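The structure under discussion appears below in the form of structure tokens.
Every number in this text was worked out from the coordinates using simple rules, so none of it is lab data. Note that this is a predicted model, so its numbers are computed, not measured. Here Cβ is always computed from backbone atoms with ideal geometry, including for glycine, and neighbour counts include all displayed protein chains.
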Amino acid sequence: MSIRAFFAVDLAPRARRAAAVVAAELETGTVGVRWVREEAYHVTLRFLGQVDSAAIPALTEAVACAVSDQAPFSVRQGASRLFPGPRRPRAVVLDLEPEGPLRRLAAAVETAVVGTGLPAEERPFRAHLTLGRIRGRERPVLPSIAASGVRLPVAEVVLFESHLRRPGARYIPLERIALGGSVSPDHPTRKGEEHGEE
């Protein structure tokens, strides 16, 4: 049996609430966007697509090994913008700063994933938090909103299973992999808690 899965950073409650406040401000007067529900916010490190469920233990072990020497860190929620750019936008996102630690974490996950036999990701990693997805060929104009600067602690990598269905996808955390052997106080290790998408 195969599942649709991805590795990501989950959000601590304070960071999740702060992102939702920004999204609510952006939503006012902005058309052509399907807004992501607050409980579905995450920072994708590596999308896997459909993978054999039998491969999950090996993937989890490989990523755990790859991040075992990475210390927990935090990033700040930056400005909102159209992603990947204003000419052909696909999403409304928040930048995450500094990007370097997240890029290094994503690179470690990528190396581990490829090491298990999955194909390499062709697109370069760009750290962002998706708040909404653009409908069709819309080019929404975003109001100017100051960055919240709220910090997002990163102490673990989460393997999520994604179920695509109406009215939106549901994300179920399968494994929580601590960085450097630590566990975030905001996210005690647990399985099976469901997250929803827009």
- Write down the radius of gyration of the stretch 111-179 and its Dmax, each obtained from C-alpha positions, in Å. 16.6, 44
- Counting each DSSP H run of 4 or more residues in the chain as -39500 (n - 2.57), what helix-only mean residue ellipticity at 222 nm follows after dividing by all residues, to the nearest 500 deg cm²/dmol? -7000 deg cm²/dmol
- Note on the structure: Of the candidates TYR41, ILE145, ILE3, the farthest towards the positive dipole end of the stretch 2-196 (Lys/Arg Cβ +1, Asp/Glu Cβ -1, centred on the Cα centre) is ILE145
- Message: Given contacts defined as C-alpha pairs under 8 Å and at least six residues apart, what's the relative contact order of the stretch 2-196, whole-number percent?
- Response: 32 percent
- Message: Calculate the FRET efficiency for GLU97 and SER68 from the Cβ-Cβ distance with a Förster distance of 30 Å, rounded to the nearest 0.05.
- Response: 0.70
- Kindly list the residues of the stretch 68-103 that lie in the label zone of SER144, defined by a backbone N under 19 Å from the point 7 Å along the Cα-to-C-beta vector. 78-82, 86, 93-95
- Item | Theoretical FRET efficiency, 1/(1+(r/R0)^6), r = Cβ-Cβ of ARG90 and ARG170, R0 30 Å, to 0.05 | 0.90
- Shape box of the chain [Cα atoms, principal axes, largest first, Å]: 46, 33, 30
- Query: In what order do PHE125, PHE7, PHE47 fall by count of nearby beta-carbon atoms within 10 Å, going from fewest to most?
  - Reply: PHE47, PHE125, PHE7
- The rounded separation in angstrom of the Cα centers of the stretch 22-50 and the stretch 91-130 is 17 Å
- Task: Please turn the phi angles of the stretch 92-106 into ³J(HN,Hα) values with the Karplus equation 6.51 cos²θ - 1.76 cosθ + 1.60 (θ = phi - 60°), one per residue in order, whole Hz, x for glycine and proline.
- Result: 9, 9, 9, 5, 10, 10, x, 7, x, x, 5, 5, 5, 5, 4
